[in-house]
Amino acid sequence: MSVEPVFEAVAAAGSEIRDALAERRSYEEEQNPSGERQLAADVYADDLLGERLLELDSVTTYASEERETVERRGTAADPHHVSCDPLDGSSNLTSNNAMGTIVGVYDQPLPAPGSALVAACYVLYGPVTTMVTARDGTVAECLVENGDRTVLNDNLTIPEDPVTYGFGGRIPDWLPDFADYVEDIESDRLKLRYAGAMVADVNQVLSYGGIFGYPMVQGRPEGKLRLQFEGLPMGYVVETAGGASTDGTRSLLKRSPDSLHERSPVFVGNDPLVERLEMAMADGDA
Ligand code: F6P
Ligand code: MN
């Protein structure tokens, strides 16, 4: 079954989400299943993407960071199961910084392992709206305007010489081996860039080369990012673009979440930087 209808629906919804942001910057009473406060824009984006994706013939289930359980509709011979982070980095709406939408397409019901991914994409709401799609071994980048996509690069690959790095979590909470690793790569003349929205940070890594991650921290060994909604789709995009991903030990695509909202340390970037990270973490007590 082609994933094109999913990409088309995400691009169309992405334009509508972007247009809706200005009026939806206030917080709601509710929290999402990860215990984060929801903005009106989170709820709007989730409702719209759920509706648009579930009306496709190929999509029979929709799971989202903003919903406790998987939504089901219809049947299909060879169905797609979709995971969604409707508005990644939405706390940036307060400070008017970049945000995104992350979508994973699986051939197994969710929770599903990285090996079940057949495609993934993200939309970046930056100064312009762009969309990056990964399928069949190829990553493409498009400009999105009024729901229409114009191809900017039909074979996006991660630049070989890394330029940027950025990691989440409070630095005093980083584990010693991880802190040592960061110090080590800083001496490689990499530049710090941290957007506070995974989509923006990953797009930066794909644009310039480098590494982004949200590590394990003191008291929270599982880190912050959700494996199904954030780690797996973005790991798929970056690996398809010729980069690497890891949870600190192995490729994210080898992971299999036990539950929908499970968290995991997540790192994506140039292969040599990811490999060095795994070696640093294996050496010590982290
Ligand atoms: O979705 C979670 C998220 O907003 C990511 O987009 C981002 O990378 C991270 O959290 C930022 O977390 P923090 O505010 O702790 O830096
Ligand atoms: Mn997110």
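Any read-out appearing in this document is the output of simple, stated calculations on the displayed coordinates, not a laboratory observation. Remember, predicted model here, so these are calculated numbers, not experimental data. Don't worry about glycine lacking a Cβ; one is built from the backbone with ideal geometry, like all the others, and counts go over all protein chains shown.
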Practice problem: Extending each Cα 7 Å along its Cβ direction at residue 68 and residue 36, get the distance between those two points in nm, one decimal. | Solution: 2.0 nm
Exercise. Please go through the stretch 226-286 and write out the trypsin sites (Lys or Arg not before Pro) that DSSP classes as loop and that have at most 10 other C-beta atoms within 10 Å.
Key: none
Quiz item: Which of 49, 110, 152 moves most in a GNM of the chain, Cα contacts under 10 Å?
Solution: 152
Self-check item: Cα centre as origin, Lys/Arg/Asp/Glu Cβ charges: the stretch 164-285 dipole, Debye
Solution: 460 debye
Quiz item: What list of ³J(HN,Hα) values in whole Hz, one per residue of the stretch 181-192 in order, does the Karplus curve 6.51 cos²θ - 1.76 cosθ + 1.60 (θ = phi - 60°) give from phi, with Gly and Pro shown as x?
Solution: 4, 5, 4, 4, 6, 4, 6, 7, 6, 6, 9, 6
Quiz prompt | For residue 222, residues with placed amide H under 5 Å, excluding near neighbours | solution = 217
Self-check item: Per DSSP, loop chymotrypsin sites (Phe, Trp or Tyr not before Pro) in the stretch 224-286 with at most 10 further Cβ within 10 Å
Solution: none
Quiz item: Given a cut-off of under 8 Å on Cα pairs at least six residues apart, what relative contact order in percent is computed for the stretch 160-286?
Solution: 30 percent
Quiz item: Modelled label-to-label distance, residue 153 and residue 183, 7 Å Cα→beta-carbon offset: nm?
Solution: 3.4 nm
Quiz prompt | Highest average packing first - 186-196, 141-151, Cβ atoms within 10 Å | solution = 141-151, 186-196
Quiz prompt | For residue 145, residues with placed amide H under 5 Å, excluding near neighbours | solution = 150
Self-check item: Over the chain, relative contact order from alpha-carbon pairs under 8 Å, at least 6 apart, %
Solution: 17 percent
Exercise. Grab the beta carbon distance between residue 77 and residue 251, set R0 = 35 Å, and tell me the FRET efficiency rounded to 0.05.
Key: 0.70
Quiz prompt | Two-site label geometry, residue 161 and residue 28: point separation in nm, points 7 Å out along Cα→Cβ | solution = 4.7 nm
Self-check item: C-alpha center-to-center spacing [the stretch 119-136, the stretch 244-282] in angstrom
Solution: 21 Å
Quiz prompt | Rg to Rh quotient for the chain, alpha carbon positions, Kirkwood Rh | solution = 0.95
Quiz prompt | Sparsely packed GluC sites (Glu not before Pro) within the stretch 52-137, loop by DSSP, other Cβ within 10 Å at most 10 | solution = 68
